[in-house]
Structures are given as C-alpha cells and as structure tokens.
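Following: one structure in structure tokens, then a few remarks.
Derivation of every value follows stated rules applied to the coordinates shown; laboratory data play no part. None of the values given here were measured: they were computed from a predicted structure. As a convention, Cβ positions derive from the backbone with ideal geometry for all residues, glycine included, and neighbour counts pool all protein chains shown.
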Amino acid sequence: MNTGTKIALGMAAITAITAPAPAYAYAQPMWLGINQSYYLSTNSAITKVAVGNPQIADVQELSDFAINIVAVKQGTTTINVWTADGMRQDFTVSVNNEDTGMAAAIEQAIRLPGVRVQMVGGRVLLRGTVRNQYEKDLAFKVACLYVGEDPTETKSNTVKLGNSGSSAVKTTVTTEEQKDSSARVINLLDMENPDQINMEALVIEINSDDAKKTRHYLFFAYYRWQYWYNHE
C-alpha cells in the first residue's frame, strides 16, 4: 500500500470518528394523575413525536417548540420527542388514578390544618388528625358534598324496657339515630379529644298492683302537703 492510500484511509477513519451522531438521552420518568398535564418546551424545533399508548397519555401540539403531555387513564407508556438539532428525548409516563386537583379543592374547602385528602378511583380518602367530633363530622360532610352523596342516613332501633305485666303499659321504645355513611368517602380521621358520655341508669320493674299503690301513696302525700301549706 503506497503512502497516498494510507493517508486517505487515515483521513476516512478520522472523519468517521468525528462525524456527529444523533444524541439520545436516557428515559426520563414522569408521574401524572388523571387529567393532569406536563408542559414540555425545547430549544430546537420539534420534528416528530411518538406516543406508545395514547389511551394512557397523549400529546397536544402547542407550537413548533412546545407540546403538552396529557394523562388520560391509569397505566404506563413511553413518549419520544425528536428535535431539529438531532436530539431525542424519551419519557416514561406513569399515570395513576389519583385526582390531585379535586383532592386539593376538597382539602381547601375543609380548611382544617390536620386533614389530608386523597381522591383515588372516584373515592375520597380522609386522613390526619382533628381535635374533636365536630371537626371530624365537618370534614366528612364537606367531602360528601363534592362527590354528591347524602352524608347521613337515619337508622331506627327498637329497645325493650322490660315486662310490665299489663297490656296498657308500653315496654318498648323506638329510637332514631343519624349515622355518617357514604360509599365514596372513607373517613380515617383520628380525634385528639374524642367526646365521652358516661351514663348510669337504674331500671326498676314494678307490677300493676305496685303501680296503683304508688299512685295512691303519692296522692295522699300531696294532699297532706297541700293541707299543711294552706293552714300554715
């Protein structure tokens, strides 16, 4: 091989080594909630965009230098962006079913510093600490308003007091209570000062004869008191 050929081959090798190659960046992770978007701008004009699964995340073209990546439904997909300067950016987009926008709106409406709100799959999750039962009920009812549910249901109970021995005396009582209930609001709030009510009850069961004697005794005692009061 003559000297000219060697020089030519050497120059070709140098040219091959120094020739610019397309630049690829590592796949950048991206986490979005459903209906959230990410604004992506580039220094060079965008020439091409490829979306792995547009049912999970899609792209809106805003200008030659900007796109909007929009989360559609839960899942993971890839988005590739090419620009005129030879660069390519790869994104791994993970979409969860948490609606952070609605959760933030509910949390702001509740306005209690210890309450944290998450909205996952159309359900509201309440976490944190409140001071008392009033604040716990307030947070629950506000969350129910945002998901369009009635925050309470009425429950009836029948309580049997005992057997009086007489059909004229009622021994059962029907009570009603309102209970917080919702299929779409999960209330996991803790209370710092839970309300406590201590009650003591003494139940005395008497038959009809004893009841008559008691009425006669009370009437006689009242009559004597009236007589004494009027003659003082």
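All other residues with a Cβ under 12 Å from the Cβ of ALA103 taken together, and with Lys, Arg as +1 and Asp, Glu as -1, what is their net charge?
Numbers: positive: ARG116, ARG123, ARG127; negative: GLU98, ASP99, GLU107.
Within the 12 Å Cβ shell, the charges total 0.
Using 0.36 nm per residue, how much length does the chain from ASP150 to ASP190 gain when fully extended, once their Cα-Cα distance is taken away?
So the extension gain works out to 12.2 nm.
Sorting GLU192, GLU135 on the 10 Å Cβ count, fewest up front, what's the list? Don't skip to the end; give the middle numbers.
Numbers: GLU192 10, GLU135 19.
So the residues, fewest neighbours to most, are GLU192, GLU135.
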